[in-house]
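Here is the structure we will look at.
The values are calculated or read from the model by the stated rules, or taken from the named source; none is laboratory data. Predicted model, so just to flag it, every value in this text is computed and none were measured. Here the Cβ is made from the backbone with ideal geometry for all residues, glycine too, and neighbour counts use every protein chain on show. Note: areas computed on protein heavy atoms with side chains; ligands, DNA, RNA excluded. Shrake-Rupley method; radii C 1.70, N 1.55, O 1.52, S 1.80 Å.
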Number of protein chains: 2
Amino acid sequence: MRSALALAALELFAEQGFEATTVDQIADAAGVGRRTFFRYFRSKEDVVFPGHDERLAEVVERLAGADPAADPLLVLGSTAEVVLEMYLAEPEVSLKRFELTREVPALRDKEIASIDRYQRVFARYLRQRFAGEPGGDLRAAVAAAAVVAAHNHVLRQWLKSGGALDAKRSLREAVEHVADALADRRSAVERNGEGENVVVGVVRTTAPTGVVLKQLEDALRELR
Amino acid sequence: MRSALALAALELFAEQGFEATTVDQIADAAGVGRRTFFRYFRSKEDVVFPGHDERLAEVVERLAGADPAADPLLVLGSTAEVVLEMYLAEPEVSLKRFELTREVPALRDKEIASIDRYQRVFARYLRQRFAGEPGGDLRAAVAAAAVVAAHNHVLRQWLKSGGALDAKRSLREAVEHVADALADRRSAVERNGEGENVVVGVVRTTAPTGVVLKQLEDALRELR
């Protein structure tokens with residue numbers, strides 16, 4: 001019923017505009033009464049972005065309970081998956097909403113504001129995780145924005161694919177890229193270094209150590 | 001006059017609320033007529049976020065004319081400085097606006113929407129610069145979000161400092177951090193590599209190559 005009401009509403013919004021559509025018309029189109037509508041949604045706007053409040057609360061709770069030893073960016077990644085699942089669960093509604101938010105600036109602005117709420121929750125979590133580190137607040141703000149951007153990018157790709165893309169897998173890969181890029185790249189070597197200012201990159205490779213070292217040596221000489 | 005009107009408006013919004021304040025009251029408080037108000041602003045909302053349209057157009061133009069050989073993230077950084085300058089030019093108005101947007105959710109949402117417009121313009125620029133690269137669109141979305149987050153972080157720090165922080169310098173440093181982190185970290189060695197999956201990190205150091213290699217070797221063995 002919830003889904004049927006949402007679809008009916010989104011079709012009416014697309015046909016005759018958001019402002020011009022009344023709750024009565026939406027209920028009529030779904031073959032129910034006004035009362036039934038209000039059992040599922042608080043308002044017309046709530047139909048366009050249903051569940052965000054609940055999902056945000058879930059996100060806050062997940063982050064509060066996250067393993068403090070886990071990579072903070074990967075924690076955000078799996079939390080972003082929870083948000084993504086909300087869209088994936090109702091592909092038809094998500095696709096209609098996507099069309100609608102592209103056409104109605106007011107709805108677009110509302111969607112952006114709701115995304116920003118997730119981003120602020122993510123940033124707050126990272127600020128706590130990075131507390132006491134130099135530049136920790138900046139890193140938190142940047143990394144939260146990066147994870148949200150990765151989520152939105154994947155969501156958009158999924159919507160553009162008409163729901164065909166493996167969105168959860170794409171999100172995981174995207175967040176891994178982000179986490180790799182934004183990882184604290186100082187290795188144990190540098191942190192224990194004796195004044196030699198050496199910054200060691202994260203090296204992911206299947207090549208033997210000897211080959212890696214030879215290539216690193218070449219690269220270093222090339223850089224100097 | 002523009003500044004005086006803006007300040008009068010922001011004071012009234014703070015005192016009696018945004019919705020309850022009329023254009024006539026704002027004009028009265030600034031000692032001018034309604035007509036003068038509309039010579040400077042299109043609407044009440046335009047007072048809260050003045051100049052954004054013009055500044056966005058300027059940003060689009062700067063990016064279109066940017067040196068195609070320049071580091072794309074540093075191009076965004078210097079462009080973000082243009083946006084930052086808009087706030088720095090009128091510290092008193094910016095500070096009042098900051099208080100107001102924290103208190104009035106509708107205004108906050110409007111500000112977020114206007115920031116998102118910059119972010120989309122930034123992302124579009126990076127998509128062009130990264131066109132044809134694998135994962136280029138994702139990198140563009142993430143990097144644009146990261147630069148905007150750095151800008152917003154610095155702006156917030158500046159506002160919290162009551163305008164005392166050297167914001168332009170902080171922004172440059174923040175964007176350099178972001179650009180470093182998100183740089184295409186594949187070295188010439190990897191790109192020319194013969195199937196050996198070697199990813200070489202950017203190494204910034206004053207240490208002699210021999211020392212670096214020894215430490216890299218240790219680090220590699222430690223990672224395996």
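Under the condition of being closer than 22 Å to A:ALA164 by Cβ and touching a His at 6+ places or on another chain (Cβ under 7 Å), the residues counted in the range A:59-117 number 3. Go over the candidates A:ARG55, A:ARG102 one by one and state the one that is open to solvent by 50 Å² or more (accessible area, probe 1.4 Å), in contact (Cβ under 8 Å) with a residue 24 or more places away in the chain and assigned by TED's automatic domain parsing to the domain that holds A:ALA141. On inspection, the qualifying residue turns out to be A:ARG55. Scanning the range B:157-180 for residues that are free of Cβ contacts under 8 Å to residues at least 40 places away in the same chain and either in contact with a strand residue (DSSP E or B) (Cβ under 6 Å, 6 or more places away or on another chain) or open to solvent by 10 Å² or more (accessible area, probe 1.4 Å) (or both) returns B:GLN157, B:LYS160, B:SER161, B:ALA164, B:LEU165, B:ASP166, B:ARG169, B:SER170, B:GLU173, B:HIS177, B:ASP180. Could you list all residues from the range A:1-28 that are among the acidic types (Asp, Glu) and either touching an Asp or Glu at 6+ places or on another chain (Cβ under 6 Å) or not in a helix (DSSP H, G or I) (or both)? Of everything in the range A:1-28, just one residue is among the acidic types (Asp, Glu) and either touching an Asp or Glu at 6+ places or on another chain (Cβ under 6 Å) or not in a helix (DSSP H, G or I) (or both), namely A:GLU19.
Apart from one condition, A:ARG139 fits all of (1) within 18 Å of B:ARG117 (Cα to Cα); (2) surrounded by 15 or more Cβ atoms within 10 Å (Cβ to Cβ); the exception is (1). The single residue among A:HIS151, A:HIS177 that is within 13 Å of the chain's Cα centre (by Cα) and either within 11 Å of chain B (Cβ to nearest Cβ) or modelled with pLDDT of 90 or more (or both) turns out to be A:HIS151.
Beta carbons closer than 7 Å, at least 6 apart along the sequence or on distinct chains, pair a first residue in the range A:130-141 that is closer than 15 Å to B:VAL178 by Cβ with a second that is in a loop (DSSP other than H, G, I, E, B) for A:GLY136/A:PHE130; A:ARG139/A:PHE130; A:ALA140/A:PHE130. Within the range B:63-95, can you find the residues that are surrounded by fewer than 16 Cβ atoms within 10 Å (Cβ to Cβ), over 14 Å from B:LYS168 (Cα atoms) and not small (Gly, Ala, Ser)? Matches in the range B:63-95: B:ASP67, B:PRO68, B:ASP71, B:GLU92.
The residues in the range A:12-29 that are touching a helix residue (DSSP H, G or I) at 6+ places or on another chain (Cβ under 7 Å), open to solvent by 10 Å² or more (accessible area, probe 1.4 Å) and not small (Gly, Ala, Ser) can be counted, and the count is 5.
Of the residues that make up the range B:79-90, is at least one under 20 Å from the mean Cα position of the chain (by Cα), outside any helix (DSSP H, G or I) and on the phi < 0 side of the Ramachandran plot? It would help to see each step written out before you state the result.
Taking the range B:79-90 first, the residues under 20 Å from the mean Cα position of the chain (by Cα) are B:79-90.
Restricting the remaining residues to those that are outside any helix (DSSP H, G or I) gives B:89-90.
Of the ones still in play, those that are also on the phi < 0 side of the Ramachandran plot are B:89-90.
Yes, the range B:79-90 has at least one match.
Give the range B:109-127 a look and list any residue that's in contact with a Leu (Cβ under 9 Å, 6 or more places away or on another chain) and open to solvent by 30 Å² or more (accessible area, probe 1.4 Å), or say none.
Within the range B:109-127, B:ARG117, B:ARG124 meet the criteria.
The single condition from (1) surrounded by 13 or more Cβ atoms within 10 Å (Cβ to Cβ); (2) closer than 19 Å to B:SER3 by Cβ; (3) not charged (D, E, K, R) that B:SER43 fails is (1).
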